[in-house]
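First comes the structure, then the notes that go with it.
The values are calculated or read from the model by the stated rules, or taken from the named source; none is laboratory data. Everything numeric here is computed off the predicted structure, so don't read it as measured data. Virtual Cβ from ideal backbone geometry, glycine too; neighbours counted across all protein chains shown.
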């Protein structure tokens, strides 16, 4: 923790010397709260807040920040190489898993702190703010709203976040000593106390319907903005309920369509891209045996939002890693935490993305024996026929599981087992069957 705090002090020193700053925040409650903390903590600087819209490129961000010092909050750890190439100087305050270290990056993972469960992006911004001046402890409730948005309370508020809770209570900005998600705090935009979790939900609603600026104005103390945010939240709640109802009506077909995948890929026209994250989270109560990956149409292609449960993580699942690799292989980008992640891919890559995500999720499985067989065929129709025949003939054994997915002219056959004999017989039978199949041009197997 001491090394992390020292890094925060270095970042605070950098921001003290900045005259004109543009803060780029991730478009959710945590990112918006992180941006507000930076703006409020350094009043002597001219700070502009920009919330990153989905599909925005780093080149566009570079154009927006010309003549200012760019600060990325709740975003940037997986983009540090690209950011380093585009920007002469910058600062990243983030909690997502890193692609590599950088002296302009402040991230709890650098210091052995779990950025998924122990500190949010707003929490990182808070410790930088506190390092700048002790009066910024009064921003603890904003940091905790960010923590609520990223559901840190589900893991138990611990580590650095527990310290933020203590600061909030000692300064009086957070009331009570019970479960934090049930506690209230005072905010400049209303005369009544509000629960931290409720404020996070209001901010997320604004972000989901492309109105993050309303949440920014609200957190900066605008009471009219708060009234608009409440109206947005009411509308958002109705739209969310209607989308969940559509999915529930297709529950059986969704289960059937995903029988050969290691996640539930849920895609329908009724899904709005701004809602995909919360929809995925809600669906874990219904589709609980595998991670949920919600897919929606967006102006820039297909948006994927993935969520998992602790029981999924216990088998080795890391959604951030799987979606990052799958998206990159499909000419998109993705990443995030093990329990929650996202990606963007071109529309024409949807089936390939589903196949590659399943492939990488399979590779993470802690099964004793695993093999992936990659089959190339002459065309998509042949691949579909091969996949269908293998999926039907290769019934599950008690200790062995297999999954068969077709994507274009490629078929992936994935087999895992805890029993050596059954595993060997299954794989040998599959290879013999595939080797004699018509229309198959190449066959490769790889132990994982």
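Table: residues versus (1) under 20 Å from residue 146 (Cα atoms); (2) crowded, with 21+ Cβ neighbours inside 10 Å.
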site: 204; (1), (2): yes, yes
site: 207; (1), (2): yes, yes
site: 210; (1), (2): yes, no
site: 234; (1), (2): no, no
site: 255; (1), (2): no, no
site: 258; (1), (2): no, no
site: 268; (1), (2): no, no
site: 275; (1), (2): yes, yes
| remark: For segment 402-433 the number of residues that are surrounded by fewer than 18 Cβ atoms within 10 Å (Cβ to Cβ) and either at pLDDT below 85 or assigned to a helix (DSSP H, G or I) (or both) is 12
| request: Within segment 317-350, count every residue that is under 21 Å from residue 289 (Cβ atoms) and under 9 Å from the mean Cα position of the chain (by Cα). | output: 7
| message | Let me spell it out: the conditions are (1) surrounded by fewer than 24 Cβ atoms within 10 Å (Cβ to Cβ); (2) touching a residue at least 40 places away in the same chain (Cβ under 8 Å), and residue 165 meets all of them except one. Which number is the exception? | response | (2)
| note | Subset of segment 68-84, residues more than 21 Å from residue 216 (Cβ to Cβ) and more than 20 Å from the chain's Cα centre (by Cα), comes to 84
| query | Restricted to segment 87-125, and to residues that are more than 21 Å from residue 146 (Cβ to Cβ) and surrounded by fewer than 17 Cβ atoms within 10 Å (Cβ to Cβ), which residue is modelled with the lowest pLDDT? | reply | 99
| Conditions: (1) under 22 Å from residue 98 (Cα atoms); (2) part of a helix (DSSP H, G or I); (3) in contact (Cβ under 8 Å) with a residue 40 or more places away in the chain. Residue 386 meets all but one. Number of the miss? | (1)
| Residue selected from segment 1-45 under the condition surrounded by 14 or more Cβ atoms within 10 Å (Cβ to Cβ) and assigned to a strand (DSSP E or B), by the criterion farthest from the chain's Cα centre (by Cα) | 21
| message | I need every pair where a residue in segment 81-95 that is more than 12 Å from residue 24 (Cβ to Cβ) has its Cβ under 7 Å from the Cβ of a residue that is part of a strand (DSSP E or B), sequence separation at least 6 or different chains. | response | 89/69
